[in-house]
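**Student:** Sending over a structure as structure tokens; questions will come in a sec.
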Amino acid sequence: MVKILAGAAAIPIAIVIAIAIVFMIFFAGDPQQTPAAATSCTPAAGGGLRPGSVPNGWDADILAAASSAGIDPAILAAQLEAESGWDANATSGAGAQGLAQFMPGTWQAYGQGDPFDPHAAIAAQGVYMKTLKDSVAAIAQSTGADAVHLALAAYNAGPGAVEKYQGVPPYNETQKYVTKIADLAQSKFRADCQPAGAAPAPQPDGGAWTHPLPGSVLTSPYGPRWGVLHAGIDLSTPGHAGTEVAITAMTITWAGCKSDGYGCSVVGVANDGSGYMFRYGHMAEGTVAVATGQQVGAGTALGTEGATGDVTGRHLHLEIYNAGVPQNGYASSGFSTDPIPILIAHGVSV
């Protein structure tokens, strides 16, 4: 990522930014895409890092930089991994340098010492992110948007783009970047998230409801996303790919992989008389464990959490449809409903 100077320092590259924006593809979106994770566990600044997730003993540097910036340290760690893969000597063809991939001009504004010094690079990343977060604070306050997500968008597209759209810009690259960093922070670096549904899935019992992805956390709710409907909820298992299980006893109406937004998925209709239809999207390829027409009980393994289809990170995309809405077994017609109230009503916490 080539860092973009905030404020007045950005003027020399304004033309470059304008040209880049012209070539950005506006986010078309589909019900399966999750542009920005609205994680259910976003610790305040000063939260912890998962032990062993940050290499070379740089944890203390990240915690200090994050505290100064008012940024979740897991977000800062995810950025550094995305920038350089923790290579303190990394360089890019564009001239970016070091662990945090600062351009020389940006380093002069935010860094001290040598950009190849990892301690200096981590400190400068904190300073830079604080500047960006401060630059979008008014927008976050007036719109209710997450300030850190806006800062990540400013990091990718520039503060001017966030100002123009009063939120995360409708650029595919930027929206995917915000999601990528939020997902990576959640799945690899964050220490203090308490997973929902962490109890092992029960054996099939023919009637009870259970958590669809035991040990996972909610990373994105149901609702509008930049003008399109995110038609389900997203659940992600920190640190590893979890096993997706049948919420309740159901008949499988579709099981397989398609070259669409869902990728590899399983669809089933409840056997309890409610008529609810469930879709499990983005399963890992080759892991679908059931077949069309099969009867399964609650807790039956359906497949492994994956990242097939139109996604930016590994997760379960779960949709629920009311009885009679889909007109086919693939549930490709009609509008879904928010899964969370239905799950809660059946004793499943997310």
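The values are calculated or read from the model by the stated rules, or taken from the named source; none is laboratory data. Because the structure is predicted, anything quoted here is derived from the model rather than measured. Using ideal geometry, Cβ is built from the backbone for each residue, glycine included, and neighbour counts are taken over all protein chains shown.
**Student:** For Ala291, work out the one condition from (1) at pLDDT below 90; (2) assigned to a loop (DSSP other than H, G, I, E, B) it doesn't fulfil.
**Tutor:** (1) is the only condition that Ala291 fails.
**Student:** Looking at Ala109, Ala38, which one is under 27 Å from Val162 (Cα atoms) and at pLDDT 95 or above? Before the answer, list the steps.
**Tutor:** On the way: Ala38 fails: at pLDDT 95 or above.
Within the list Ala109, Ala38, the selection yields Ala109.
**Student:** Now a separate question. I need every pair where a residue in the range 141-162 that is surrounded by 20 or more Cβ atoms within 10 Å (Cβ to Cβ) has its Cβ under 6 Å from the Cβ of a residue that is polar (S, T, N, Q), sequence separation at least 6 or different chains.
**Tutor:** Ala153/Thr174; Asn156/Thr174; Ala157/Thr174; Pro159/Ser135
**Student:** Sticking with this one: Identify, please: which residue in the range 320-350 is over 19 Å from Pro214 (Cβ atoms) and in a strand (DSSP E or B) and is, among those, farthest from the chain's Cα centre (by Cα)?
**Tutor:** Taking the candidates together, the pick is Tyr321.
**Student:** Looking at Val290, Val311, Val350, Val269 in this structure, which one is touching a strand residue (DSSP E or B) at 6+ places or on another chain (Cβ under 9 Å), surrounded by 22 or more Cβ atoms within 10 Å (Cβ to Cβ) and either β-branched (Val, Ile, Thr) or closer than 18 Å to Ser216 by Cα (or both)?
**Tutor:** Of Val290, Val311, Val350, Val269, the one residue that is touching a strand residue (DSSP E or B) at 6+ places or on another chain (Cβ under 9 Å), surrounded by 22 or more Cβ atoms within 10 Å (Cβ to Cβ) and either β-branched (Val, Ile, Thr) or closer than 18 Å to Ser216 by Cα (or both) is Val311.
**Student:** Just one of Thr174, Thr179 is closer than 21 Å to Val311 by Cβ, buried (at least 21 other Cβ atoms within 10 Å of the Cβ) and modelled with pLDDT under 85; which is it?
**Tutor:** The conditions single out Thr179.
**Student:** Now a separate question. Would you check if Asp234 is modelled with pLDDT of 90 or more and over 28 Å from Gln101 (Cβ atoms)?
**Tutor:** When the stated conditions are applied, Asp234 passes them.
**Student:** Also, quick follow-up: Of all residues being within 27 Å of the chain's Cα centre (by Cα) and of a type in the set (D, E, K, R) in the range 269-295, which is nearest to Asp338 (Cα to Cα)? Just the residue, please.
**Tutor:** Across the range 269-295, the extreme among qualifying residues is Arg279.
**Student:** Of the numbered conditions (1) under 18 Å from Gln186 (Cα atoms); (2) aliphatic (A, V, I, L, M); (3) crowded, with 18+ Cβ neighbours inside 10 Å, Ala82 satisfies every one except a single condition; which is it?
**Tutor:** Among (1) under 18 Å from Gln186 (Cα atoms); (2) aliphatic (A, V, I, L, M); (3) crowded, with 18+ Cβ neighbours inside 10 Å, Ala82 violates only (3).
**Student:** Test Gly52 against the stated conditions and say whether it is over 28 Å from Gly239 (Cβ atoms) and either touching a helix residue (DSSP H, G or I) at 6+ places or on another chain (Cβ under 7 Å) or assigned by TED's automatic domain parsing to the domain that holds Thr179 (or both).
**Tutor:** no
**Student:** Residue pairs, Cβ under 7 Å, 6 or more apart or interchain, first in the range 236-255 and under 13 Å from His315 (Cβ atoms), second hydroxyl-bearing (Ser, Thr, Tyr) and part of a loop (DSSP other than H, G, I, E, B). List them.
**Tutor:** Ser236/Ser216; Thr237/Ser216; Gly242/Ser216
**Student:** If you check every pair at least six apart or on different chains, which have Cβ atoms under 7 Å apart with a residue in the range 57-79 that is farther than 19 Å from Gly313 by Cα first and a residue that is surrounded by fewer than 24 Cβ atoms within 10 Å (Cβ to Cβ) and of a type in the set (Lys, Arg) second?
**Tutor:** Every condition considered, the pairs that remain are Ser68/Lys130; Ala69/Lys130; Ala69/Lys133; Gly70/Lys130; Gly70/Lys133; Ile71/Lys133.
**Student:** While we're looking at this one, here's another question. Give the range 217-262 a look and list any residue that's in a loop (DSSP other than H, G, I, E, B), in contact with a His (Cβ under 7 Å, 6 or more places away or on another chain) and crowded, with 24+ Cβ neighbours inside 10 Å, or say none. So that I can check it myself, show each step before the final result.
**Tutor:** Within the range 217-262, the first condition is being in a loop (DSSP other than H, G, I, E, B), and the residues that meet it are 221-222, 226-227, 231-232, 237-242, 246-249, 258-262.
Then drop every residue that is not in contact with a His (Cβ under 7 Å, 6 or more places away or on another chain), which leaves 222, 232, 262.
Gly232, Tyr262 - these are the residues of the range 217-262 that are in a loop (DSSP other than H, G, I, E, B), in contact with a His (Cβ under 7 Å, 6 or more places away or on another chain) and crowded, with 24+ Cβ neighbours inside 10 Å.
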